[in-house]
Amino acid sequence: MDPTASRNQQIALVVLRTLIGWHFLYEGFTKVLTPAWSRAGAPIGRFSSAGYLRGSSGPFSDLFRGLADSSLLPWLDLLVAWGLVLIGLGLMLGLFTQLACGGAIALLALFYLSGLPTSGAREAGAEGTYLLVNKNLIEAAAVAVVLAFRTDRIAGLDLLRAGERARVAPVAEATR
């Protein structure tokens with residue numbers, strides 16, 4: 001446990017980590033289990049991020065639109081869907097928490113850059129009116145808090161892993 005954080009602060013941090021984990025896990029399972037998860041739809045029995053990538057905006061839109069038509073798309077779809085699942089499980093269970101936070105920040109950065117909110121005006125079908133700050137940026141900041149406050153040292157399976165390493169290390173030293 002972190003001696004500098006109060007019990008309520010520690011609980012709040014772990015709840016934040018768990019909620020972010022649930023969001024990632026749910027988004028990942030939705031993509032894994034749903035035959036078509038793109039905006040434009042995909043062939044029956046196949047999921048694709050092509051519609052999302054083709055709808056990208058901002059200074060990096062050409063790069064993301066190019067990915068939509070590339071031969072890498074099936075691999076990207078697989079990586080994103082299962083990456084979301086694994087990151088979500090890691091955050092919820094507190095297992096490989098620091099790695100899961102790094103993966104979450106990387107994916108959220110890509111999602112943010114694929115639809116950089118620069119207009120500030122409501123567009124047809126848009127979720128809201130944004131100027132630079134959207135849900136992806138806010139969630140990335142929340143993940144950065146979870147990362148910075150080392151919630152893996154407060155609660156989760158990482159504590160068991162750390163305890164196991166602590167017990168094994170002295171034995172290894174004694175056998176040398």
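Yes or no, residue by residue, for (1) crowded, with 16+ Cβ neighbours inside 10 Å; (2) out of contact with any Pro (no Cβ under 9 Å at 6 or more places or on another chain); (3) without any contact (Cβ under 8 Å) to a residue 60 or more places away in the chain; (4) within 21 Å of Leu33 (Cα to Cα):
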{"position": "Pro74", "(1), (2), (3), (4)": "no, yes, yes, yes"}
{"position": "Val80", "(1), (2), (3), (4)": "yes, yes, yes, yes"}
{"position": "Val85", "(1), (2), (3), (4)": "yes, yes, no, yes"}
{"position": "Leu91", "(1), (2), (3), (4)": "yes, yes, no, yes"}
{"position": "Thr97", "(1), (2), (3), (4)": "yes, yes, no, no"}
{"position": "Gly103", "(1), (2), (3), (4)": "yes, yes, yes, no"}
{"position": "Ala106", "(1), (2), (3), (4)": "no, yes, yes, no"}
{"position": "Leu113", "(1), (2), (3), (4)": "yes, no, yes, no"}
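Can you name the residue in region 104-152 that is among the polar types (S, T, N, Q) and in a helix (DSSP H, G or I) and is also modelled with the lowest pLDDT among such residues?
Step one: list which residues in region 104-152 are among the polar types (S, T, N, Q), which gives 114, 118-119, 129, 134, 136, 151.
The next check asks that each one be in a helix (DSSP H, G or I); those that pass are 114, 136, 151.
On the way: Ser114: 84, Asn136: 91, Thr151: 90.
Among those that are among the polar types (S, T, N, Q) and in a helix (DSSP H, G or I), it is Ser114.
If the Cβ limit is 6 Å and pairs must be 6+ apart or interchain, which residue in region 140-163 that is of a type in the set (Phe, Trp, Tyr) pairs with which residue that is in a helix (DSSP H, G or I)?
Phe149/Leu13
The values are calculated or read from the model by the stated rules, or taken from the named source; none is laboratory data. Keep in mind the model is a prediction, meaning the values are calculated, not measured. We place every Cβ from the backbone using ideal geometry, glycine too, and count neighbours over all the protein chains shown.
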